[in-house]
Each structure stands twice: as C-alpha cells, then as structure tokens.
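Take a look at the structure set out below.
The values are calculated or read from the model by the stated rules, or taken from the named source; none is laboratory data. Everything numeric in this text was worked out from a predicted model, so none of it was measured. Neighbour counts run over all protein chains shown; Cβ positions are idealised from the backbone, glycine included. SASA here: full protein model, heavy atoms, side chains in, ligands and nucleic acids out. Shrake-Rupley method; radii C 1.70, N 1.55, O 1.52, S 1.80 Å.
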Amino acid sequence: MRISTYKKLHAEGLITDGTLQRAEALESRRLFSLHWELRLLLYLGVLLLTGGLGIVVYKNIDTIGHQAVLAFIALVTAGCFYYCIRKKTPFNWEYVNPPNAVFDYILLLGCLSLLIFLSYLQYAYNVFGDNYGLATFIPMVILFAAAYYFDHLGILSLAITNLAAWAGIAITPLSIMKEGNFATHRLIYTGLALGAVLIAAGRLTEQRRAKPHFEFTYSNFGVNLFFIAALAGQFAYDSTYFLWFLALTGAAFFCYTRAMARRSFYFVLILILYAYIALSDVVVRLLAEMSMRDLSPIFLGLFYFIGSAIGVAILLIRINRQLKAHDSL
C-alpha cells in the first residue's frame, strides 16, 4: 500500500500516529529494484561479446583461418543450444518462465552466434551462391522454432526481422537487388502484405491462445511495417495519392478502434501519428497546387502545422487521461 494511502487514512482518523510512523519507516527502508537495469546490462554484454568476437575475427582472419573461425563459432552455438535444451522448462502454449536468470541471455547468444555462423559460411565459401532467399529462409525458420520452443520474445523479434529480409529478397527481383534500386514499388506492396500478415498472426496467437503474449510483438512489427509501407505508397504514387490516403485513414481508424478497446495508448499514439503524417502530406500537396505567386499558401501551411501540432498534442493528452481513468476504475 502506498504511503499516501496511509496518510489519507490517518487524516480520516482511521489509523493512529504510531501506525503512520511505522509505515513511513518501512517506506524509507524499501529496497530499490535493479531488475531491469541488470537485464539491460546482460543484454548489452551479449551484444558486446558477439560484436567483439566479430571484430577480433575480422582483424585476424589472415592468421586464424576460415575453418578455425567457423569451428569456434559452431562450438559456441552448439554449447549455448545444448545448455538451453538441457535446462529448459516443459513446453507450454502459455507463458513459460525461464528456468534461471541467465537462460534467456545464453539463448540469445546462441541465436546470434548461429546467424554469425551462417553469414560467415556464406562469406567464406558462398555455399548459397546467389540464392539469397534460401540464405535468409533457413535462419528465419530456426529462429521462429527457437522463439516458440524456448518462449523468447527477443528471438521472436529476430525471427520477424529475418522474415522481413526474406520477403524483401524473395519477392523483389534479383536484378533490382544487384542494381541497388530499392525505390521499386514492389517493396511497397511487399511491406503492406507482410504487415497485414503479421497483424493477422498476432490476432490468431491471441484468439487460439498459442503463445498469446507474442501478440504484442507481432502487432508492433505489423502495424509499423504496414503504415510505413502505406505512407511510402502515398508519397510514391502522385496520381493516386488521395486514394492511398483514404485507404490509410480507413486502416488507421480500424486499428484505432481495436487499440482503444484494448486500452493500448502505445498503438493509439503511433496510429494517430501515422494518420497525421498522411494528412499533412495531403495538405502540403493541396497548398503546393495553389498559385506560387501568392504567399498565402506559405502562411496557411505555417498555421496548419502550428495548429495541427497543438491539436494532436491535446488529443493525445485527453486520450491518455481517458485510458488512465478507465484503468483506475
């Protein structure tokens, strides 16, 4: 119970002075949790370790040799996965607590080492040739399997990132990849499709109770990817930009109603920001079509951005208060 609650009870005469003093003394001796700080340090340690190993290998590749490097990385990967398989708790479609404090970090190290191993194998021996889709598909499958088998949100994020890389490489023609032309409209439709698939996957995981705590990660990647691709489509297609705006607004409203129903201020925030960017693009286009001899479009644009920014801020503050008031009931 918070100390403010004790003070309120004391003011109403429901507790004595001694009880209030004991509560204040206990509050002053309360321990400060370092849980998240330690987790952050451990994650940074894993990343620094893998990055440091990569730098050492890069600087000494001529003296070490490819086989020795691959053998060492394979040994680290196998050791991490062996430990995780031996120590893991029984599989369950609901959330499963890690068996100890270092389990998640060893698993993360093993998955990162696996990615480094496959990447180095391709670099040294070109085992996949020009088949870049296969080079990204294999680690994607392994990462998804590890994320579900060991119940790890961080590995799931790696798997979704790999899925996006595989989709971009597999659907986009190889000639475009070689020419370095990433402005193709195929990538826009790929992003839209992949975003929709991830949103649907999040919905299914929650409905089927198949790792329902994965829903936020799927939805987070899916919503951001879908609306970034939709904005790219609105920016790229000048002749049909207004149709893209209408489609984006409709999708944003649909996701907004779902986010409000789930009381998620994070998704409400990003949806409003995406819709605001799309609206601002339409306004700028309309102002640009006005006569350039007249300075009024410039002033109208300034008034729009000032007024709309204030309006969006007020809207977000009110929604946040509304959600907090609902949660306190």
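Could you pull out the chymotrypsin sites (Phe, Trp or Tyr not before Pro) across segment 255-313 that fall in loop regions by DSSP (anything but H, G, I, E, B) with no more than 11 other Cβ atoms inside 10 Å? Numbers along the way, then the final one.
Values: sites: Tyr256, Phe265, Tyr266, Phe267, Tyr274, Tyr276, Phe299, Phe303, Tyr304, Phe305; in loops: none.
Counting only loop positions with at most 11 other Cβ atoms within 10 Å, none of the chymotrypsin sites (Phe, Trp or Tyr not before Pro) in segment 255-313 qualifies.
Shown are Met260, Met290, whose ranking by accessible area with a 1.4 Å probe and every protein chain present, most to least, is Met290, Met260.
Per residue, segment 46-167 exposes 54 Å² of solvent-accessible protein surface, assessed with a 1.4 angstrom probe and all protein chains in place. A 1.4 Å probe over all protein chains sorts Leu187, Leu198, Leu109 by accessible area into Leu187, Leu109, Leu198, starting with the largest.
Report, to the nearest whole %, how much of the accessible area of segment 46-167 belongs to carbon and sulfur atoms, 1.4 Å probe, protein only. Don't skip to the end; give the middle numbers.
Values: 4630 of 6600 Å².
Carbon with sulfur: 70 percent of the solvent-accessible area.
At R0 = 25 Å, how high is the FRET efficiency between Ile228 and Glu289 if r is their beta carbon distance? Nearest 0.05 is fine. Efficiency computed from Cβ-Cβ geometry: 0.45. The solvent-accessible area of Glu289, taken with every protein chain present and a 1.4 Å probe, is close to 130 Å².
For Thr77, Thr240, give the ranking by accessible area with the largest first, probe 1.4 Å. It would help to have the intermediate numbers written out before the result.
Working: Thr77 15, Thr240 50 Å².
Ranked from most to least accessible, the order is Thr240, Thr77.
Annotation: per residue accessible area for segment 181-274 equals 49 Å², rounded to a whole number [probe 1.4 Å, protein chains only]. Karplus-based coupling profile of segment 281-288, in residue order and whole Hz: 4, 5, 4, 5, 4, 5, 5, 5, with θ = phi - 60° in 6.51 cos²θ - 1.76 cosθ + 1.60 and x standing for Gly or Pro. For Leu70, the solvent-accessible surface computed with a 1.4 Å probe is close to 20 Å², ligands and nucleic acids excluded.
In plain terms, the chain from Thr257 to Ile314 could stretch by 18.6 nm, reckoned as 0.36 nm per residue minus the Cα-Cα distance.
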